[in-house]
Amino acid sequence: MAYRPVFYGDAFGYKKYMIDFEFFTGFSLSQKQKSIQSLHNSIIRTFPERKILEVSSKSLDEIGRQASAFNLNVILKSGKEYSVEQIFQGSKKFRRGGSQLHLINQMTSKELKKYIGKVHQVDELVSFECFGQVFPLKPQTFFYNWLYINTLHQNQLLANQIIKYDTFTDIEFNPKRSINCQAEACSIYVYLYKSNLLDYALSSKENFLQVVYHEQTCNSYSNTKENNTKEISLFGYEEVNKQSRDSYSKKVPKYRNSSFNDEWVRQSLGKTVEIIMGQSPDSKNYTDNPNDYILVQGNADMKNGRVFPRVWTTQVTKLAEKGDLILSVRAPVGDIGKTDYNVVLGRGVAAIKGNEFLFQLLTKMKQSHYWSKFSTGSTFESINSNDIKSAEIYLPSVEEQSAIGFLFHTLDDLMASYKDNLANYQSLKSTMLSKMFPKAGQTVPEIRLDGFEGEWEKYYLGDIFEQVSNYIEPSVENELWSLTVEKGLTPKTDRYKRDFLVKKNDKFKKVDINEFVYNPMNLTLGALDLNNKGRTISVSGYYVVMKNTDVEKFDNDFFKILLKTTYAIYQYKQFATGTLIEKQRVQFTTFSEIPFYLPTIAEQRAIGAYFSILDNLIATHQEKISQLETLKKKLLQDMFI
């Protein structure tokens, strides 16, 4: 068996999955294609609806062979053509040997790759330099993905075929030996295309870095305001003109629609729109009758940027109309929302009769902490009418306001739909977890997947797992990971830097692929996970590491779900040792005595696959929401003054 990454892309984002499959040894084309078919069959068993394409010179599909970095050609303005692999290898700049770009005219793709591989062994790679443009080494896949995706976008006939797929493999790619992968680049292209972010991402290196890697502009890049050179794209089909210094005497945003070029005009908020400060009704007039007037007093009456009726009143003081913007004037100052109702305004809010552009501008002002300067030194954070009315803003033409407002409105709607779907998937998972496993005292679950019947059999966890304690030193090959209740196994560097806590005499345990790990102190909270990360890792020596004793009888994916159910948590609490609740522990000797009822291996696998798909959907939605939130923050910063 082998373990390989599979790359998936859609409008929600792009993601990597690790899939195990039967690998056929040998270098012949027939053996490679047997492995490809085996890998694709394994994917289909888990994700039956996926449209899969092998991207390599060994692909069974002509489209996949054309998309290989050895066959996909860059067309320069001069008319010369080079493969992506040639440009990628030739763009490497070494500390002593310098640029290798001159070699693209002297060697084939394979020859150049082999030669550069030897240079790597004796010289240090310092950057990528491609026809006058410099790319940093990090993120590690940045230059390769940027180069591949730009080239694919230039080859529209091929790109139009690639977007018909959502899942990509590369049988030649082994993450233990390589970093860059053409299959991953294809999944990113599909994501950018289906999310309508392709043009924005390819408009500059900075935007590509932001959208694909969710990073702010690297120090390696020059800020537009400090660089009045012209950045020529590699292929000549697009030029991004950086504004001259003279244009910066005009007030314009960093990024804007090319249809507009007029200067933005400075104006005070009070002279631009009508502002209504709130005034609270007498508390004796508050009601819980939905037939009375909705009262908005502050942030507690807003949910996801919208008025959420909570309190009503019979007394009308100040009114806001449907469609008005609602600004919080007391802590948290600056929060902005909309109302779909006519509402009474309490003194904690103000109404602003503005459009979508102004709503997004006020969102940006909150994001940049504009209002905090009015509350500095105050015990109670608040802003008054003069603060709001005197706020200086910059306005474009009505047409440009409309275009910007529409863009952000679309982005907000997209985020809202993903959040709704996420909530639905999370609710479904919670419901099914409570119904697809037997409750205390029962031997069958309330809900079963089609085709399964009969009572579940009783087992003890000691019948299923055995403890393993292989002590190692953390290294690049065995990175140190943490275990959290919320996220399970988490790379230590992604959680927090705590090198100063790792002492030389600390002990660490090795966790191989498909082994389980739990924290004895926090097991009653659900601190347990399966290492399905596709690599060996190391964890604290205090953790318990264990492995499945019979994979033909017990399914790992099933137990990853079962061992974190509400009933499992209940069992841990019943068996935990220790007098104080906060110090109760479940060591493996105790863990092994806990009983559970289990179905047949076939039903275990079906349940495990069901929840794996749900977990993937939830993770994909969470990741996409995070990406969109990051993108919106970036756009708010760059598209307003």
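The values are calculated or read from the model by the stated rules, or taken from the named source; none is laboratory data. Note that the structure is predicted; figures quoted are calculated from it, not measured. Here the Cβ positions follow ideal geometry from the backbone for every residue, glycine too, while neighbour counts run over all protein chains shown.
Observations on the structure shown:
- So residue 32, is it closer than 27 Å to residue 609 by Cβ and crowded, with 17+ Cβ neighbours inside 10 Å: no
- Contact map, the stretch 158-170: residues that are on the phi > 0 side of the Ramachandran plot paired with residues that are among the small types (Gly, Ala, Ser) and modelled with pLDDT of 95 or more, Cβ distance under 6 Å, separation 6+ or inter-chain. No pairs are found.
- Evaluation of residue 628 against the conditions (1) hydrophobic (A, V, I, L, M, F, W, C); (2) within 30 Å of residue 260 (Cα to Cα); (3) not in a helix (DSSP H, G or I) shows that the sole unmet condition is (3).
- Members of the stretch 289-341 that are under 22 Å from residue 369 (Cβ atoms), in a strand (DSSP E or B) and touching a residue at least 40 places away in the same chain (Cβ under 8 Å): 327, 330
- Any hit, the stretch 407-414, residues being part of a helix (DSSP H, G or I), touching a His at 6+ places or on another chain (Cβ under 7 Å) and over 26 Å from residue 570 (Cα atoms): no
For (1) free of Cβ contacts under 8 Å to residues at least 24 places away in the same chain; (2) in a helix (DSSP H, G or I); (3) touching a strand residue (DSSP E or B) at 6+ places or on another chain (Cβ under 9 Å), each residue gets a yes or a no:
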{"position": "394", "(1), (2), (3)": "no, no, yes"}
{"position": "416", "(1), (2), (3)": "no, yes, no"}
{"position": "419", "(1), (2), (3)": "no, yes, no"}
{"position": "422", "(1), (2), (3)": "no, yes, no"}
{"position": "426", "(1), (2), (3)": "no, yes, no"}
{"position": "431", "(1), (2), (3)": "yes, yes, no"}
{"position": "438", "(1), (2), (3)": "no, no, yes"}
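- The stretch 445-476, residues that are among the hydrophobic types (A, V, I, L, M, F, W, C), assigned to a loop (DSSP other than H, G, I, E, B) and in contact (Cβ under 8 Å) with a residue 40 or more places away in the chain: 449, 452, 456
- Candidates 4, 50 - the one that is in contact (Cβ under 8 Å) with a residue 60 or more places away in the chain, surrounded by fewer than 19 Cβ atoms within 10 Å (Cβ to Cβ) and either closer than 30 Å to residue 623 by Cα or among the charged types (D, E, K, R) (or both): 50
- Scan of the stretch 393-427 for residues that are β-branched (Val, Ile, Thr) and surrounded by fewer than 16 Cβ atoms within 10 Å (Cβ to Cβ), ordered by number: 398, 410
- For the stretch 7-29, filtered to residues that are of a type outside the set (A, V, I, L, M, F, W, C) and surrounded by fewer than 17 Cβ atoms within 10 Å (Cβ to Cβ), the residue that is nearest to the chain's Cα centre (by Cα) is 16.
- Test: residue 126 is surrounded by fewer than 21 Cβ atoms within 10 Å (Cβ to Cβ), β-branched (Val, Ile, Thr) and touching a residue at least 24 places away in the same chain (Cβ under 8 Å): yes
- Scope the stretch 591-600; condition crowded, with 16+ Cβ neighbours inside 10 Å and not in a loop (DSSP other than H, G, I, E, B); matching residues: 591, 596, 597, 598
- Considering 619, 606, the condition of being hydrophobic (A, V, I, L, M, F, W, C), under 32 Å from the mean Cα position of the chain (by Cα) and crowded, with 16+ Cβ neighbours inside 10 Å is satisfied by 606 alone.
- Inside the stretch 44-59, residues that are over 22 Å from the mean Cα position of the chain (by Cα) and assigned to a helix (DSSP H, G or I) make up a count of 2.
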